[in-house]
Amino acid sequence: METVVSGIRPTGNLHLGNYFGAMENFIKMQNENNCYFFIADYHSLTTHPTPGDLHGSVKQVLAEYLACGLDPEKATIYLQSDVPEVTELYLLLNMNAYVGELERTTSFKDKIRKQPENVNAGLLTYPVLMAADIIIHNAAKVPVGKDQEQHLEMARKFARRFNNMYKVEYFTEPQPYNFGEALIKIPGLDGTGKMGKSEGNGIFLIDDEKVLKKKVMRAVTDSGPTEMNSEMPEPIQNLFTLMDVVSEKSTIDSYKEKYANCEIRYGDLKKQLAQDINKVVAPIREEINAIKSNDDYLRKVAKMGAEKARESASKTVKEVREIIGFKPF
Ligand code: TYM
């Protein structure tokens, strides 16, 4: 049985990128592994949410985790901030993470561009906190989307560095995971880039059928191919990437053929895509609303998860302290 760890930042509702990049694998993995799935609420502080927004988003994401099929009896589901041991490991790892390498991280460079007014130290050391999240349970596998690949590489580096520095084989080097397949990047509906929470290009699990359809129908396309078998431009490829995760193979093949023959009608393709997306999210949407109003249940799940996660985390921190040389007289 392998240990698996992954998390999602509570900075808004979950979207199809989160679902197909990560959640779908959480659900598959919980049956056969020792899984820790958490809500990365410390991480979300880099964008300075109000207390009300933070609390609301954490509750929403917990309800969404459960609605997607995460089972608190099978996996340890917890809030990151309920496990303060993570912050101690983060501090210890920070001593051994270099400013130069942190400054070169793609996500940090992105943030400097996107929020130049708020380049805080939490953003710089974000990959260190993420490494602490993962190695605190000594995870072997981390189900994530493609955008987290570099962070995982850094987690391995920090784990290896600790082992080398103290001449121990203590931490496992965690691998990004998608069932032997390449990691997934779900595109947004705006033609380029990935689907994101703050990019305004996402389809959320709670979007109702009408909203969802409207968003898909507005997705960027072009005027259509004019030559047989021509290469697809990115916005069109993106629609097919979405189809790949929600539609039947025969449906996808038939639209690909129409594209190759210059017979494609984007309106039809989008209608089909919206329908197929709705098939996946409709049952989840209903569950989210039911679970969200059940505070007792959410409280119980969070409490149970916190206890299990702290047990594992405190064991690691105790051992790490000893390795480092913090010992009783
Ligand atoms: P976050 O909250 O941005 O995203 C959560 C998960 O969803 C995946 N994802 C996507 N996958 C494919 N296509 C997309 N368009 C897309 N958008 C998001 C992400 O890859 C991720 O798996 N730093 C992390 C949260 C985190 C974490 C961790 C993850 C904190 N500590 C430890 C794993 C292990 C983040 O911001 O993900």
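The values are calculated or read from the model by the stated rules, or taken from the named source; none is laboratory data. Quick caveat, the model's predicted, so the values are computed rather than measured. Ideal geometry is used to build each Cβ from the backbone, glycine not excepted, and the neighbour counts take in all protein chains shown. Just the protein is used for accessible areas: all its heavy atoms, side chains included, with ligands, DNA and RNA removed. Shrake-Rupley method; radii C 1.70, N 1.55, O 1.52, S 1.80 Å.
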- Task: May I ask you to order 53-61, 174-182, 75-83 by the average number of other C-beta atoms within 10 Å around their residues, highest value first?
- Result: 75-83, 53-61, 174-182
- Message: Please compare each pair in K28/K279; K146/K315; K28/K146; K157/K194; K74/K167 to a cut-off of 24 Å on the Cα-Cα distance and tell me which ones are over it.
- Response: K146/K315; K157/K194; K74/K167
- Task: Go through region 107-185 and name the trypsin sites (Lys or Arg not before Pro) that are in a DSSP coil and have 11 or fewer other Cβ atoms within 10 Å of their Cβ.
- Result: K167
- The helix 126-135 Cα axis meets the longest alpha-carbon principal axis of the chain at an angle in degrees, between 0 and 90 and rounded to 10, of 70
- Roughly how many percent of the accessible protein surface of region 209-289 is carbon and sulfur, given a 1.4 Å probe and a whole-percent answer? 45
- By average Cβ neighbour count within 10 Å, what is the ranking of 115-124, 234-243 from highest down? 234-243, 115-124
- Item | the chain - share of DSSP beta bridges that are antiparallel (%, nearest 5) | 10
- Averaged per residue, what accessible area in Å² does the chain show with a 1.4 Å probe, protein chains only? 50
- Message: Please give me, ordered by residue number, the GluC sites (Glu not before Pro) of region 229-329 that lie in loop per DSSP and have at most 16 other Cβ atoms within 10 Å.
- Response: E231, E248, E263
- Normalise the Cα radius of gyration of region 241-329 by 2.2 N^0.38 Å (N = residues in it) and let me know the number. 2.07
- Message: On a full-extension model of 0.36 nm per residue, what is the gain between M1 and E322, subtracting their alpha-carbon distance, rounded to one decimal in nm?
- Response: 112.9 nm
- Query: Once a ≥ b ≥ c are taken as the square roots of the eigenvalues of the Cα gyration tensor of the chain, is the result rounded (a/c under 1.5), prolate (a/b larger than b/c) or oblate (a/b not larger than b/c)?
  - Reply: prolate
- Based on the Cβ-Cβ distance of S314 and R160, what FRET efficiency does E = 1/(1 + (r/R0)^6) give at R0 = 30 Å, to the nearest 0.05? 0.80
- Task: Note down the relative contact order for region 209-289 as a percent, whole number, built from C-alpha pairs under 8 angstrom at least six residues apart.
- Result: 44
- Task: Could you sort 300-306, 34-40 so that the peptide with the highest average Cβ count within 10 Å comes first and the rest follow in order?
- Result: 34-40, 300-306
- Message: Under the rule a/c < 1.5 gives rounded, and otherwise a/b versus b/c splits prolate from oblate, where does region 1-46 land using the Cα gyration tensor?
- Response: oblate
- Query: For the chain, what is the calculated [θ] at 222 nm in deg cm²/dmol (nearest 500), taking -39500 (n - 2.57) for each run of four or more DSSP H residues and dividing by its residue count?
  - Reply: -16500 deg cm²/dmol
- Query: Where the Cα atoms of region 209-289 are projected onto their three principal axes, how long is each span, largest first, in whole Å?
  - Reply: 47, 24, 18
- Item | Loop sites in region 79-114: chymotrypsin sites (Phe, Trp or Tyr not before Pro), DSSP, at most 14 other Cβ within 10 Å | Y98
